[in-house]
1. Just to be sure I understand, how many residues within the stretch 28-69 are hydroxyl-bearing (S, T, Y), under 24 Å from L99 (Cα atoms) and outside any loop (DSSP other than H, G, I, E, B)?
2. I'd like to check something: does the stretch 82-103 contain any residue that is touching a Ser or Thr at 6+ places or on another chain (Cβ under 6 Å), open to solvent by less than 10 Å² (accessible area, probe 1.4 Å) and of a type in the set (S, T, Y)?
3. Of everything in the stretch 15-59, what is of a type in the set (S, T, N, Q), open to solvent by 10 Å² or more (accessible area, probe 1.4 Å) and either in contact with a Leu (Cβ under 9 Å, 6 or more places away or on another chain) or over 21 Å from G151 (Cα atoms) (or both)? Give them in sequence order.
4. Take the residues in the stretch 92-109 that are assigned to a helix (DSSP H, G or I) and touching a residue at least 12 places away in the same chain (Cβ under 8 Å), then tell me which one is nearest to L75 (Cα to Cα).
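The values are calculated or read from the model by the stated rules, or taken from the named source; none is laboratory data. Here the structure is a predicted model, which means the values were calculated and not measured. Cβ atoms come from the backbone with ideal geometry, glycine included; neighbour counts cover every protein chain shown. Please note that ligands, DNA and RNA were not included when accessible areas were found on the heavy atoms of the full protein model with its side chains. Shrake-Rupley method; radii C 1.70, N 1.55, O 1.52, S 1.80 Å.
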Amino acid sequence: MPRKRSMKVLFLGTRGWYPKYGHTACIMVSTPKAELIFDCGTGAARLKDRLDVSKEVHLFLSHFHLDHMVGLSFLLGAFRGKKLTIWGQQGVEKTVRNLLSPPYFPVTMDKWPFEIEFKELEEKQKVADAEVRALPLVHSNPSIGFRIEQGGKSIAYITDTKKCENAVELAKGVDLLMHEATYSERNYVGSSHCTGKEAGEVAQEARTKSLVLIHNDAECDEKCGREILKEARAVFRETERAEDGMRIRV
């Protein structure tokens, strides 16, 4: 009898910087006992009708750039559960509370109608029925990558980074690698992001089973997206490119 799949992935926001061709970063991984949300860009506006709040709900912030955090301001209207746990690097509570307070946001978090708990990430943490590993990446400001393991399955979420050893480490042997591919080789501007080719190299070196490209540049249209995908597949064949609303079972 085939093994029951243990995790579902819903891509709510798959772009970087601003939402021109798709929402900015927000991806939900559902396990039997938890909803694990990775980043809170404009895609978080879609959480309201998709969260199972009978489970534990945990939000993981990869870093503090606004395209990954602006959706925090949507949660007051989008979250209908009793408790939300927000995980991030050192200083996460102060950073989020400062952002969601006047003059930037009218309602301070202590007045929100659900409990909010902040936790600073360690390298490994048990979260409901999953294990989440976190390692630093290489970006213009500190950024964190994640590996999620549950029920014998594994997923890695790697965004906002140059190609680096920790990305390969987190992705080793995973069933699904979600890796940023901001630029094509032709459009690469030498920033602290990756191309599709580099994302394919990470997948190849880590011997992952599949790769999904996320975080295309905001101005990357379909032609650009196909170019990035082609460059990644030239290195790692089992590659797809994420679009908002896409679902994957792992």
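1. The qualifying residues number 1.
2. No: zero hits.
3. S30, T42
4. M109
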